[in-house]
Structures are given as C-alpha cells and as structure tokens.
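S.K.: One structure, as structure tokens, below. Some questions next.
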Amino acid sequence: MKPLSEQSKRRVNWLNDGLWPWLCAACVALSLLMLAALLTLLATRGLGHFWPATLEEVTLTSGDIVIGQPVRETPLPLNAGMERLYFTGNRDINGANWRWIAVDDISAQTTPNDLIRLERTPWGDFIGRLVAVESDGQRLTGQAAWDYITTALAQPASQQGSSDLLLITADGHALRQPLSNVSHFQAPNAMSWGQKVTAWGQNVWRFLSEGPRAANTGGGVWPAIFGTVLMVILMSVIVTPFGVLAAIYLNEIAHQNRLTHLVRIGVRNLAGVPSIVYGVFGLGVFVYGIGGSIDNWFFSDELPSPTFGTGGLLWASLTLALLTLPVVIVATEEGLARIPDAQREGAVALGATRLEMLTRVVLPMATPAMLTGVILAVARAAGEVAPLMLVGVAKLAPQMPLDGEFPYLHLERKFMHLGYHLFDTAFHGEDVQAAIPLVYATALLLVLIVLVLNLTAIFLRHYLRRQRGNEC
Amino acid sequence: MLAPLTSAQSSQTPVITFAPEQCCLSINQFHLAYAGKPALRDLTLDVPRHRVTAFIGPSGCGKSTLLRAINRLHDLNESVSHRGYIALEGQDIHAPQMNVTELRRRVGMVFQTPNPFPMSIYENVAFGLRLQRRLPKRKRDDIIEWALTSAALWDEVKDRLHRSAWQLSGGQQQRLVIARTLAVQPDVLLLDEPASALDPISTLKIEELIRNLKSQLTLVLVTHNMQQAARVSDYTAFLQNGELVEFGLTDQVFTNPRLQRTENYITGRMT
Ligand SMILES: Nc1ncnc2c1ncn2[C@@H]1O[C@H](COP(=O)(O)OP(=O)(O)O)[C@@H](O)[C@H]1O
Ligand SMILES: [Mg+2]
C-alpha cells in the first residue's frame, strides 16, 4: 500500500513541477503546426501551378527529342535511377499529355527561348515552336508573327479575323492551328521575371473568372465559386430567421420545464447527425415530395421532365439550412441567456410590451451571438458536399442560377459547388496528372472563401460591439 | 410636514391613513406568494404624495417584492399569486381596465444595479418616449435635456449624448437610469436600493437628487442604509418577514420607535 501511494504522490509532484504547462503548450504548437502545414501544402501546390514554368527540350539517347515541362521525379524500381514526368501537351498528336522519361536516358537538356505553349479549345495545350502566322494570305515570321499574335489575342474573339498559326512539334510534326481556337499564348523561357509574375497573376485571375474546360481538368472555377457563395447566402437567408425565432421561443417564451429541456437536448443532438442523412431527407421530402407536388400543380405541361422535382439550388439551400439550423439556435440561445434579466425588466418597467422589449433591447444585444451562429453555419455549409450530391449539385451546370433572364434567380436550376468540383476533378477526370494541381488550387480557394466569409462576419460582430461600447 | 390624519396605535396593525388628496399609493391587505410561499402578508399602507417614503427591513423581508408588485413586474412570473389590492391615485392597479404598460409608465422603477441599455445616452433617455407616441425631434430633445437636468446629469453628459451609455461610471449610469424613468413623466418613482452598488460620493449625489425630486413626484425608496433612510425620507416603513411592523414619520421611527422590534433593528441589535 505504501509504495503505491508514494509513487502516485511522486507523479503528481512531477506534473506539478512545471511540466503541465509545457504539455498544453506542446498541444497548441502541434495543432498550429498541422494547420500551417496544411495551408503551406495547399498554397505551394495550388498556386505554383499557375507559374509559367520553364520548358525543356530534352534529347534522349535513342535520338528522340521531347519538349515539355518537368513536373516531378520518382525513383524507378530496382534502383534503376530516377524517372521524370514531363508535361508534353499535344494530346492530338501523341495521344497523351504526359510522358515519363528515365533520367539516365537523357543525353542533352536545353531551355531554348523560342519554345512556346498554347492553350487551344479542343485538345488542350500545345507545346513546341512557332514557324509562322498566315493571316489573309500574308505570311508573317519572326518578331512580326509574335507581335501579330499578341495584339490579336488581346482583342475580343469576334474581331480577330481568320488567321492560322503554323506550328511544329519537337519531333518535326507540322500543325496548322486556327488562331480563333487559341485562348492563351506563351513563350515562358523568353519571359523576364516581371513578365512571369504578371503572367502568374493573369493565370490566377483566369482560374477565378473562367468556366471549366476539358471535363473540369482545365480552365477556371468561376461557376463553382458563384454557386457556392449564392447557395451559402440563400441558406443564411433561410436559416437565420428560423434559428433566431426558434431560439427566442425556447429562451424567452417557452416555460422552462422538462419538455423545453428535452427539446433543447434534441436540438443540440441534431447538430451531430451525419450530413448525408440530411441529404437523404432533402431528397425524399424537398425534391420528391414538395418538388414533385409543385411540378404536378404548376408545371404539369412540362412533365415528365421535372422542373422542381429534381435537385436544384432551392432544395440544396433548404437542406443545408436544415443542417445548420441547430448551430444557429444554440448560438443565439446562448447569447440570449447571457443577457441579464435586469435589461429585460428595465425595458418592461418603462412601459415596453414584451414584443418591444424583445425587439428593442434583447435582440440588439443578442446580435453578436446570432452572428456567431451564422458564421459557424456558413463555415459548415460552404464545405459540405455529401448532402448536395443528392439535392442539386452538378458536375457541369449548363446555366448559371443567376442571370439576366426573368425571373433572374432560378431556384430550380442545378448549380456548381467548389467542394463537389474538387471531388469531381480529383476522382472523375480523365487526366489525373492535370487534375492534381487544380485540386490543390480549388481546395485552397475553398479554404479562402470560408475564411473571407468568416472574417466578414467577425468584423461585423466586432463593429457592432464597438458601436455599443460593450463586450457582451 | 404633512401630518397624518389618524394614527392607530395598535401594536399589531400600525395604520396611518392620509386624506385621499394626499395619498398617492394605497396598499390594502395585500398578500403575495412565490409558488405558494408567502413573501408579503396582509400589508396595509398608504404612501403620501410628493413625499419620500423609505422601506427598511432585513434582507428577504419582502421590500423588493413589494416594489415590484406596485409596478406589476410580477406579471412576468407565473408562479406568483396575490390577493388584496393596491391603488394608484384611487385606481385599482389590478383592475381589468387598467393598462399595464400605462401603469408602468406612471410608476417608474430603478433597480439596485444600474441597467442602462446598450445604446447611446440619448437613446437610453429617449427609449420610453419612443414607446409612446411620435414626438417632433425638437420636443424630444427638450424632454431629454429636462430629464437629464432633473437627474443632475446634464452637465456631465451634454457633450457626449451619442456615446455609449455603458462607458459612464456606475453613479452616472444610475442617474441616467433615473433620467430615463423621469423622461416619461411618472407619478411615482420606485427606487430599490439605488445607491447600494455605488461609491460614497455617487451615493450623496443620488440622495440629493431624491430630495430634489419630491417636488415633482412621489418617491418610494428601499434601502439597507439607516443613515440614508434618516437623511432623505419623510416617512419610514419597517418590514419584517413580509409584514409591516411600523410605519410613521421618519423622525419618529428613528428617534422614538413605538415597538421594541423596530428599535432593535435600527440600532443594529438584530439583522
Ligand atoms: N423570484 C422569486 N421566486 C421565489 N422567491 C422569491 C423570488 N424573489 C424573492 N423571493 C423570496 O421572497 C422573499 C422576499 O424577497 P425580496 O423581496 O427580494 O427581499 P428584500 O428585497 O427585502 O431583500 C425572500 O424570501 C425571497 O427568497
Ligand atoms: Mg431587495
């Protein structure tokens, strides 16, 4: 008995002797480290993709010549040295965009300034050399050809006229490429540092502002950003009044008895229900139930093709609103409970009715808490993918849910979502190698969007508090 | 000093009654219980108009409960039951035709801890006004200045009317709460230990304010501080266990109490 108690005493002392703060600090440091690693990984892999990479011209021992952008190296099995992956483009000619080359097979490696890289609408990237430009029967070469392409691409597509680029690949394959199909033209090896930075900025901007191409493995993510943000905003508009009113009922109106307590526990537990379950509920109730009925009543002439009876923006927002409702209720309720009764009595004692007391004193004081709830809801909804796959997200939505056509906001349309886009790019693309950097870039973007939405709400909350000079 | 008309000297039911035109609040056989547990027992008491009446008594004797009953704040708590009645200027406050919000406007209440709303100083004072009717801004500004002046706060805050009220000191906050109540021009002001959370200088300011206000309205002051009751009140009621033990002119209650129980309490021989 005695040695045991002595041992436990020693352990307590050992903890007391200043070690436990270090343990706590270590946990914090570890969490921060993981977070930093995550962001660094996403940022370097995602943003690096947009840098105009140097193109190499490689001569193999077999005599073949390959032009491409080196991407990464992996060791070959059986200690056979390293193998390097090149992005070679020219899928129309080679049948693939990528080529693995063993490093030992390379006999010469140069970076000539005249190597170019084009983005074309069918077939994706071309990498090789420019021979000449043929425009209205004229043939331009050298600097004149470069200038012509630069000015032509700067103009809108309709004014470009008809001209062809005469191109040649590394292995001497000649190609005639109409300029109207070219969206981007670069000679990265000839670019200065400043030009590269500008080109990087332009690439990032194109990624943000353009629609996807080549089955989501190329192009930009603008429709997905737009869909995500619109869906989140719609969801907030739906969930905030519902959650706030429910919290007011629970905290200010309902008798505080066993039933209220049970309801409160139920609400808290709803927050833990897996999101896919909400998706199933949304599909069964909103899409098939309500949506089907709406179709029967109002859109019967378009049946059997569904209007509201299929997944769409409205149902997705409603499903996510349901999913985040507990978060808003709990946060608002906590805010309401923190308001001292003296404030409520002060208002009532001045002759305010219960409604006036709520709207003029209690709700303004609970606004920061409500905002906290909405922040949490937005952060959760922006990253949620699983339920959306059932209730309205699309791999490629043909039309934006908001456009200039009456009634402008098309709640029944399918929409694109960054989270789903990420998933689709990563697992359903044909070109896995091309998808990898896009996946990182999209993930980074998703994190940034959630961050921006959160910062906006935090700033708003801070502003409201400052305005009132309190810390409630 | 206003003299009571009659002064029954029975040791069990000390009743002083005032002529109807001198009586502001009349409490008659009022009984109140929290969830069946009595807090006020058969209380009968008249509060004279334009005087300061102090309620003293040990903690838990029902002073706050009585003030809240006069304002009908107990309506918010459904476990409270009461019988008997309270009349304000001759009208039964529990009568069905009595408008509760109008009653609460006429009977202002100031609590122990200052409870300004999280708004600007101006908006705090305007709060009660905005609940009633739309006033032209000029008129409202005038009332607000008058209320803040009456509460002896105007000079301190006139340059920062639109700053947050929560930046004021505790004493200023309490005077702001008084101004907020005065702005709706009540007939009665109920003060529940208004200075017990304040420093001595703020306390003196509040006491002076109370003395000045009695020309405008009837004041009821609950306090734990005997000196304060003696300094500012005209009449004093001593409560114990929810019962009225003694009620009389402050001078008389403090210098020559009729009952031993009162004397013991005042001289600090019991709590
Ligand atoms: N909201 C309430 N619910 C139940 N009992 C209460 C409540 N408020 C006060 N009481 C009880 O009523 C009695 C009188 O309280 P109170 O009027 O606050 O006393 P005082 O203000 O004189 O100190 C006390 O016994 C107290 O416990
Ligand atoms: Mg009290």
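Read-outs throughout are calculated quantities, based only on the coordinates presented, and are distinct from any laboratory measurement. All values reported here derive from a predicted model rather than from experimental measurement. All Cβ positions, glycine included, derive from the backbone under ideal geometry; neighbour counts span all protein chains shown.
S.K.: Give, rounded to the nearest 20 debye, the magnitude of the charge dipole that the protein assembly as shown has about its Cα centre when Lys and Arg contribute +1 at Cβ and Asp and Glu contribute -1 at Cβ.
M.R.: Value, rounded to 20: 2520 debye.
S.K.: In addition: Between A:VAL287, A:GLY18, A:LEU325, whose Cα lies farthest towards the positive end of the dipole of the protein assembly as shown when Lys and Arg beta carbons carry +1 and Asp and Glu beta carbons carry -1, centred on the Cα centre?
M.R.: The residue sitting farthest along the positive end of the dipole is A:GLY18.
S.K.: Still on this structure, please answer the following. For the protein assembly as shown, build the charge dipole from Cβ charges (+1 Lys, Arg; -1 Asp, Glu) around the Cα centre, then report which of A:ALA96, A:GLN202, A:PRO407 sits farthest towards its positive end.
M.R.: It is A:PRO407.
S.K.: In Å and from the alpha-carbon atoms only, list the Rg and Dmax of the range A:222-471.
M.R.: 20.7, 71
S.K.: Okay, moving on. Jot down the radius of gyration and Dmax of the range A:285-424, Cα atoms only, both in angstrom.
M.R.: 20.5, 62
S.K.: Apply 1/(1 + (r/R0)^6) to the Cβ-Cβ distance of A:SER183 and A:ARG268, taking R0 = 45 Å, and write down the FRET efficiency to the nearest 0.05.
M.R.: With a Förster radius of 45 Å, E is 0.30.
S.K.: Under 5 Å between amide hydrogens, which residues at least 5 positions from B:LEU43 or on another chain qualify, with H placed 1.01 Å from N in the peptide plane?
M.R.: For B:LEU43, whose amide H was placed from the backbone, the distant partners under 5 Å are B:GLN29, B:PHE30, B:HIS31.
S.K.: Calculate log10 I(q)/I(0) of the range B:51-178 for q = 0.22 Å⁻¹, where I(q) comes from the Debye formula with a single equal point scatterer on each Cα and nothing for solvent.
M.R.: -1.32
S.K.: Could you give each residue of the range A:177-191 its phi-based ³J(HN,Hα) in whole Hz, using Karplus coefficients 6.51, -1.76, 1.60 with θ = phi - 60°, and x for Gly or Pro?
M.R.: 10, x, 5, 5, 8, 8, 9, 7, 9, 8, 10, x, 5, 8, 7
S.K.: First obtain the Kirkwood hydrodynamic radius of chain A from its Cα pairs, then insert it into the Stokes-Einstein equation at 20 °C and 1.002 mPa s, and state the resulting D in µm² per second as a whole number.
M.R.: The Stokes-Einstein estimate is 78 µm²/s.
S.K.: I've got another one for you. Put a dot 7 Å past each Cα toward the Cβ at A:ALA254 and A:VAL71; how far apart are the dots in nm?
M.R.: Those two pseudo-labels are separated by 5.5 nm.
S.K.: Does a label point 7 Å from the Cα of B:ASN264, set along Cα-to-beta-carbon, have any residues of the range B:42-82 with amide nitrogen under 18 Å, and which are they?
M.R.: Zone members listed by number: B:56-62.
S.K.: Other chains near A:349-361: what is the mean number of their Cβ atoms within 10 Å of each residue's Cβ?
M.R.: 6
S.K.: For chain B, what's the relative contact order in percent, using C-alpha pairs closer than 8 Å and at least 6 residues apart?
M.R.: Reported as a whole number, the value is 25 percent.
S.K.: May I ask for the distance between the Cα centers of the range B:236-251 and the range B:80-109, given as a whole number of Å?
M.R.: Going from one Cα centre to the other spans 22 Å.
S.K.: Let me ask something else. Which cross-chain or sequence-distant (5 or more) residues have an amide H under 5 Å from the amide H of A:ARG213, H modelled 1.01 Å from N in plane?
M.R.: Sorted by chain and number, the residues that satisfy this are A:GLY218, A:GLY219, A:GLY220.
S.K.: Could you tell me how far the Cα centroid of the range A:373-406 sits from the Cα centroid of the range B:185-207, in Å?
M.R.: 57 Å
S.K.: Related question: How large is the translational diffusion coefficient of the range B:5-266 in µm² per second when you combine the Kirkwood radius over alpha carbon pairs with Stokes-Einstein at 10 °C and 1.306 mPa s?
M.R.: So the translational diffusion coefficient is about 84 µm²/s.
S.K.: Quick one: if the Förster radius is 35 Å, what FRET efficiency do B:GLU145 and B:ALA95 give, using the C-beta to C-beta distance and rounding to 0.05?
M.R.: Efficiency at R0 = 35 Å is approximately 0.45.
S.K.: Here's another thing I want to ask about it. Within 10 Å of each Cβ in peptide A:341-348, how many partner chain Cβ atoms are there on average? Round it to a whole number, please.
M.R.: Other-chain Cβ atoms within 10 Å of each residue's Cβ, averaged: 6.
S.K.: Using helices alone, I'd like the mean residue ellipticity at 222 nm for chain B: each DSSP H run of four-plus residues gives -39500 (n - 2.57), total over residue count, nearest 500.
M.R.: -9500 deg cm²/dmol
S.K.: Here is a further query. Along the charge dipole of the range B:5-266, Cβ charges K/R +1 and D/E -1, which of B:SER169, B:GLN240, B:PRO58 sits furthest on the positive end?
M.R.: B:SER169
S.K.: For the range A:104-109, take each phi angle, set θ = phi - 60°, evaluate the Karplus expression 6.51 cos²θ - 1.76 cosθ + 1.60, and give the result in whole Hz per residue in order, putting x for glycine and proline.
M.R.: Rounded to whole hertz, the list is 5, 7, 7, 9, 8, 9.
S.K.: For the range A:51-201, take N as its residue count and report Rg(C-alpha) divided by 2.2 N^0.38 Å.
M.R.: Dividing the Cα radius of gyration by 2.2 N^0.38 Å gives 1.12.
S.K.: Moving on. At 222 nm, what value in deg cm²/dmol follows for chain A if DSSP H runs of at least 4 each add -39500 (n - 2.57) and the sum is divided by all its residues, to the nearest 500?
M.R.: -17000 deg cm²/dmol
S.K.: Once both axes come from the Cα atoms, what is the angle between helix A:313-338 and the longest principal axis of chain A, in degrees from 0 to 90, rounded to 10?
M.R.: The two axes meet at around 40 degrees.
S.K.: So between A:HIS462 and A:TRP200, what do we pick up on full extension, going 0.36 nm a residue minus the alpha carbon distance?
M.R.: Extra length available between A:HIS462 and A:TRP200 comes to 90.8 nm.
S.K.: Note down the magnitude of the dipole of the range B:222-271 about its Cα centre, charges +1 on Lys and Arg C-beta and -1 on Asp and Glu C-beta and zero elsewhere, to the nearest 20 debye.
M.R.: So the magnitude is around 140 debye.
S.K.: Follow-up question, since we're still on this one. Per residue of the range A:345-360, what does 6.51 cos²θ - 1.76 cosθ + 1.60 with θ = phi - 60° give for ³J(HN,Hα)? Whole Hz please, x for Gly and Pro, Karplus curve as stated.
M.R.: Calculated HN-Hα couplings, in order: 5, x, 5, 5, 5, 8, x, 7, 6, 5, 5, 5, 4, 5, 6, 9 Hz.
S.K.: What FRET efficiency comes out for A:SER192 versus A:ASP64 if R0 is 30 angstrom and r is the Cβ-Cβ distance? Round to the nearest 0.05.
M.R.: E between A:SER192 and A:ASP64, to the nearest 0.05, is 0.45.
S.K.: Next question. What is the extension gain from A:VAL285 to A:CYS24, computed as 0.36 nm multiplied by their sequence separation minus the C-alpha to C-alpha distance, in nm to one decimal?
M.R.: 89.3 nm
S.K.: Using a 10 Å cut-off on Cβ to Cβ distances, tally the other chain neighbours for every residue of B:164-173 and report the average as a whole number.
M.R.: 2
S.K.: Let me ask something additional. Mind checking the dipole of the range A:222-471: about its Cα centre, +1 per Lys or Arg Cβ, -1 per Asp or Glu Cβ, Debye to the nearest 20?
M.R.: Charge dipole, the range A:222-471, about its Cα centre: 980 debye, nearest 20.
S.K.: Amide H to amide H, which residues 5 or more places from A:LEU55 or on other chains are under 5 Å from it, using H placed in the peptide plane?
M.R.: Answer set, sorted by chain and number: A:ASN189.
S.K.: What number does the range A:222-338 give for Rg over Rh if you use C-alpha atoms and the Kirkwood radius?
M.R.: My calculation of the ratio gives 1.07.
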